[in-house]
Amino acid sequence: MPDRGGGPTGPRIRVGRPSRRVRTLLMTLGVLAVLGMAFTMFAGFWTDWLWYRSVHYSSVFTTTLWTKIGLFFVFGLLMALSVGFNIWLAHRLRPPLSAMSMEQQSLDRYRMGIAPYKRWLLLAITSLVGLIAGASASSQWRTWLMWVNGVPFHQKDPQFHLDVSFYAFDLPWYRFLLGFGFAAAILSLIAAALTHYLYGGLRVTSPGARATAAATGHLSVLLGIFVALKAVAYWLDRYGLAVKSSDFKATDNWTGLRYVDANAYLPAKTILFCIAVICALLFFATLWRRTWQLPVIGFGLMVLSAILIGGLYPAIVQKFQVQPNEQAKEAPYVEKNLKATREAYGIDGTKVSDYSGTSKTKDKTTLRDDVDSTASIRILDPNIVSPTFQQLQQIRNYYAFPTNLDVDRYTKDGKVQDTVIGLRELNLNGIPKNNWINDHFRYTHGYGVVAAKGTAADANGQPVFTESDLPSTGDLGTYEQQIYYGEKTTTYSIVGGPQKEIDYSDDSGEKTTSYKGKSGVNLANPINRAAYAVAFSEPQILYSGAIGEGSRILYNRTPKERVEAVAPWLTIDGDAYPAVVDGRIQWIVDAYTTTNGYPYASRTTLGDTTADSLTATNNSRAVVAQQNQVNYIRNSVKATVDAYTGQVKLYQWDTEDPVLKTWMKAFPGTVQPKSAISKSLLAHLRYPQDLFKVQRELLTRYHVTNPTTFLTGSEVWQVPDDPTNKSGNAVPPYYLSMKMPDQTSQAFSLTTTFTPNGRDNLSAFMTVDAQADSSDYGKIRILKLPTSTTVDGPKQVQSQFNSEQDIAESIKLLKGGDSDIEYGNLLTVPLDGGLLYVEPVYVRGGGLKYPLLRKVLVSYGDKTAFEDTLDEALNKVFGAESSTTPPPDEGTTTPPTSGNPTVQEALNDAQKAFDKGQAALKKGDWQAYGEAQKDLEDALKRAEDAQSKADKSSGGSGNKSSSSPSPSTSASPSSSPSPSKSSGSG
């Protein structure tokens with residue numbers, strides 16, 4: 001060992017290899033690091049397998065996994081063999097050393113350097129390209145499964161007369177194979193050329209021949225394979241014209257052949273295919289001719305032909321043949337696009353009827369009566385009243401309702417009632433103290449359904465609840481109320497073990513429970529615990545004493561997340577909604593099959609098409625990450641997720657959809673037949689909003705069936721912006737029970753309006769029958785307004801509401817103090833040739849933290865009303881009262897008084913102020929009305945403060961609907977007072 005520093009008697013520092021102990025330590029650390037990474041990878045795989053097995057969809061996991069593994073190894077091996085074989089062959093064909101030039105002799109040191117490692121170098125190169133190619137191929141598992149399991153559409157494209165399945169299932173796989181072939185040919189060519197150069201087969205600077213005969217033959221064959229693949233690409237491009245997107249002024253995202261495609265590009269691709277085949281043969285002939293002269297000439301001819309025939313000639317045809325007479329030339333191809341697009345999006349059966357837009361009935365009483373039979377007008381807006389549900393029915397801070405509630409239908413005494421419904425879900429942000437035990441063991445689930453009539457509000461402007469309180473009681477009967485799976489349940493919970501869970505709280509205190517379901521993964525196994533500790537980055541899972549025999553971990557708990565996991569080949573609708581079915585809360589999720597390979601059908605981007613004013617403020621309502629383009633869509637699957645067990649069921653809904661049949665072949669047993677849907681579940685299924693939004697966007701242009709009219713663009717419509725806010729986003733569609741002119745009774749429908757492109761007047765009204773058990777389910781009806789006259793559209797009606805002096809003054813008074821006005825959904829109802837607009841108006845403020853229904857705006861023809869109730873507004877607009885007396889609100893009772901005398905005194909003062917304000921309003925005494933509103937706000941604030949103090953002193957039980965009724969103008973057809981628990985029709 002060399003010495004450093006010091007003299008003969010100084011210290012000596014010994015420098016050399018590390019000691020055996022250090023080497024052992026380093027090796028141990030290295031082994032532990034490798035084992036740690038291996039276990040991390042294993043943990044991800046193992047927890048995925050356990051989850052799929054727990055939901056009984058392990059076949060989805062195994063089919064997907066083995067498909068990916070198979071593609072990885074097959075194509076990785078093919079790429080590695082291709083590149084490795086050509087490197088080996090190039091090395092085998094190297095010239096003798098004596099024949100090397102001076103240029104090659106200078107490379108001798110490189111050859112000598114890699115000579116001892118050439119086998120390892122070859123293995124490393126082939127392994128690298130194989131891994132990259134295999135990883136790329138494994139991502140094509142959907143393409144492979146669709147190709148190998150594809151079923152025919154039994155529809156042929158109009159150009160090549162091939163079944164649509166060729167374009168949807170076969171062509172994508174052929175293109176992948178072609179791309180893989182190009183990659184293999186290019187990498188093999190590069191690897192072979194470098195090897196030939198390194199070993200003297202190719203020369204760059206040396207005089208004389210640039211390549212040996214062996215190198216010339218080898219590289220020529222590879223070039224010939226590349227050109228042959230280009231010939232195949234030209235041939236496939238011919239069929240690709242049927243699904244090619246292009247810019248066309250008739251519509252965005254045009255798909256299919258146009259005149260220039262059929263008469264210029266198509267013959268050009270055929271000619272280029274022939275030239276490429278000849279060029280490839282010339283390269284192969286080099287094996288015998290040993291010269292590149294003819295192949296190079298042929299390749300140059302192919303490139304020149306591609307420029308002239310494939311680029312210049314079509315441009316000339318477009319300029320001098322199409323543009324001078326575009327409508328005549330393009331009309332036959334537009335007709336094909338119209339037909340294919342309407343079929344691909346399911347809008348080919350749309351019924352378009354002319355509608356006058358004005359009523360000719362003179363009898364106002366008849367018109368007034370027709371309102372009740374035409375529509376069950378929903379004045380409770382599910383997108384506004386969530387804070388009201390929260391304030392009145394949250395009960396505990398650790399419960400919450402979704403931002404947007406849902407509309408469903410429930411039957412009582414044979415009468416179907418549109419109902420606004422929401423679940424009281426778990427809200428971890430509201431628990432008293434956040435820690436690991438509370439967040440994941442104690443607070444694990446929500447509790448109960450809260451529902452209210454969609455067509456009524458009580459005397460205080462509050463919802464008329466048909467299911468309320470905790471535990472929930474009302475019209476829905478007995479059902480499992482615990483909610484372990486919901487839209488707001490985004491974290492994992494560990495249940496069923498030694499740690500008890502908080503079930504709910506009432507006046508007697510907290511009730512505890514222990515999960516009895518079979519959902520989730522058992523954590524009794526230490527391997528499972530270790531895997532989840534790693535997967536969730538939570539070491540406490542491994543050693544916590546709160547986990548024991550029977551403990552199960554629940555995760556992937558949102559309905560959309562679970563359906564997307566068990567059926568990754570489906571596109572999930574943005575709005576999952578709950579329903580009480582056969583004694584259980586079921587989340588209902590609509591799912592779609594899509595493809596972008598339907599010939600001649602124009603494409604659309606789901607993420608853009610389904611965006612509206614609701615998705616702009618609530619991302620959970622959006623179609624998740626769907627920025628890919630499609631040109632075929634079907635609502636082929638209805639899925640359910642049990643809110644207690646998490647059980648996922650997929651039901652075949654569209655029995656004719658070939659895309660679904662293909663996936664059912666690929667994943668047998670995962671989708672149940674349509675006949676398995678029970679009648680009770682069928683009653684709650686509805687037409688999905690996202691599909692409707694896609695269809696309405698397409699129908700802005702494709703309601704036209706005449707090619708000439710389509711090309712002129714004279715009848716292009718647009719979806720209007722939401723007039724109730726200033727977001728600038730499209731108005732969302734609304735669910736409403738109504739009767740169209742050709743219907744004999746009301747049907748649960750999804751509705752929207754259209755305006756002319758760039759204008760605000762109404763051009764059309766569109767509905768689809770959304771009632772799944774109806775024979776007309778999915779039938780789209782469009783009422784087309786005349787173009788010779790103008791009928792006010794939603795934005796104009798809203799402007800009219802805001803500009804009328806009496807209405808503006810009333811709204812100004814409602815805004816007194818710190819109150820805010822919120823406009824509810826502006827509903828449109830066709831009525832006797834005219835259009836009835838109804839909009840609820842909510843007020844939030846004055847000490848209240850939630851909106852209450854204060855007024856109803858109604859417009860029909862040139863008449864407008866702004867009244868306390870819907871009945872009063874309708875009576876004013878039509879100048880007549882209904883001849884039918886509305887039935888009493890069953891089950892509604894006088895609101896119970898609060899046990900707190902301070903609260904009761906404040907409520908009495910509020911009622912007096914309210915009565916005083918109503919009297920002043922009728923006299924037109926705005927000063928007195930303003931003073932009364934101020935007194936009302938003060939009284940309500942005192943009531944709220946007193947109730948809040950009482951809640952805190954009693955353990956923070958929160959606000960119940962019966963504890964603080966707020967005086968308000970009635971918005972109900974009947975002026976029944978607020979119920980504590982309504983037993984009215986749901």
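Sorting the segments 589-595, 262-268 by their mean number of nearby beta carbons within 10 angstrom, highest to lowest, gives 589-595, 262-268.
A cut-off of 5 Å between modelled amide H atoms, ignoring neighbours fewer than 5 places along the same chain, links residue 672 with 650, 651, 652.
Do any of 453/674; 726/855; 415/488; 453/661; 156/779 go past 28 Å between their Cα atoms, and which?
453/674; 415/488; 453/661
A Förster distance of 30 Å, applied to the separation of the beta-carbon atoms of residue 788 and residue 880, puts the FRET efficiency at 0.50.
Cβ crowding within 10 Å ranks 745, 493 as 745, 493, fewest other Cβ atoms first. From least to most packed, judged by other beta carbons within 10 angstrom and beginning with the fewest, 372, 469, 773, 458 follow the order 773, 372, 469, 458.
Neighbours of residue 811 by Cβ distance under 14 Å: Lys/Arg scored +1, Asp/Glu scored -1, total -3. Each residue of region 318-324 was assigned a 3J(HN,Hα) from its phi angle through the Karplus expression (A = 6.51, B = -1.76, C = 1.60, θ = phi - 60°), giving 5, 6, 9, 10, 7, 4, x Hz with x at Gly and Pro.
Less than 5 angstrom separates the built amide H of residue 399 from those of 427, all sequence-distant by 5 or more or on a different chain. Per-residue extension of 0.36 nm, minus the Cα-Cα distance of residue 190 and residue 503, leaves a gain of 105.9 nm for this segment. Other residues lying with their Cβ under 12 Å from the Cβ of residue 556 contribute a combined charge of 0, Lys and Arg counting +1, Asp and Glu -1. Identify, among 386, 435, 400, the residue whose Cα sits farthest towards the positive end of the charge dipole of region 368-435, taking +1 on the Cβ of Lys and Arg and -1 on the Cβ of Asp and Glu, with the dipole about the Cα centre. Selected residue: 435. Taking amide H as placed 1.01 Å from N in the peptide plane, the amide H of residue 483 sits under 5 Å from that of 446, 447, 448, each at least 5 places away or on another chain. In terms of its alpha-carbon gyration tensor, region 491-556 comes out prolate; a/c meets the 1.5 threshold, and the first ratio a/b outweighs b/c. Given R0 = 51 Å, the distance between the Cβ atoms of residue 131 and residue 339 translates into a calculated FRET efficiency of 0.65.
Treating cross-link reach as a plain straight distance, find the aspartates and glutamates whose alpha-carbon is under 17 Å from the alpha-carbon of residue 244, omitting any fewer than eight places away in the same chain. Within the straight-line limit of under 17 Å, residue 244 reaches these aspartates and glutamates: 157, 163, 170, 252, 261, 330, 335.
Put in order of Cβ neighbour count within 10 Å, fewest first, the listed residues 77, 202, 122 become 77, 122, 202. For region 213-344, the residue among 324, 337, 263 whose Cα projects farthest onto the positive side of the dipole built from Cβ charges is 263. Averaging the Cα positions of each part gives two centres, and for region 712-730 and region 172-186 these lie 44 Å apart. Here the Karplus relation 6.51 cos²θ - 1.76 cosθ + 1.60, evaluated at θ = phi - 60°, turns the backbone of region 28-40 into coupling constants of 5, 4, x, 5, 5, 5, 5, 5, x, 5, 5, 5, 4 Hz, with x for every Gly and Pro.
Stretching residue 679 away from residue 155 to a fully extended chain increases their span by 185.3 nm, per 0.36 nm per residue minus the current alpha-carbon distance. Which of 547, 498, 532 sits farthest toward the positive end of the charge dipole of region 491-556, with +1 on the Cβ of Lys and Arg and -1 on the Cβ of Asp and Glu? Result: 532, furthest along the dipole toward the positive end. Take 665-672, 287-294, 530-537 and order them by the average number of nearby Cβ atoms within 10 Å per residue, most first; the result is 530-537, 665-672, 287-294.
Counting Lys and Arg as +1 and Asp and Glu as -1, what is the net charge of the other residues whose Cβ lies under 10 Å from the Cβ of residue 384? My count for the surroundings of residue 384 gives -1. With a threshold of 26 Å on the Cα-Cα distance, the over-threshold entries among 362/739; 433/560; 560/739; 739/815 are 433/560; 560/739; 739/815.
Every read-out reported here was derived from the displayed coordinates using simple, explicitly stated rules and does not represent laboratory data. This structure is a prediction, so every number in the text was calculated from the model and none was measured. Cβ sites come from the backbone with ideal geometry, for glycine too, and all protein chains shown count toward neighbours.
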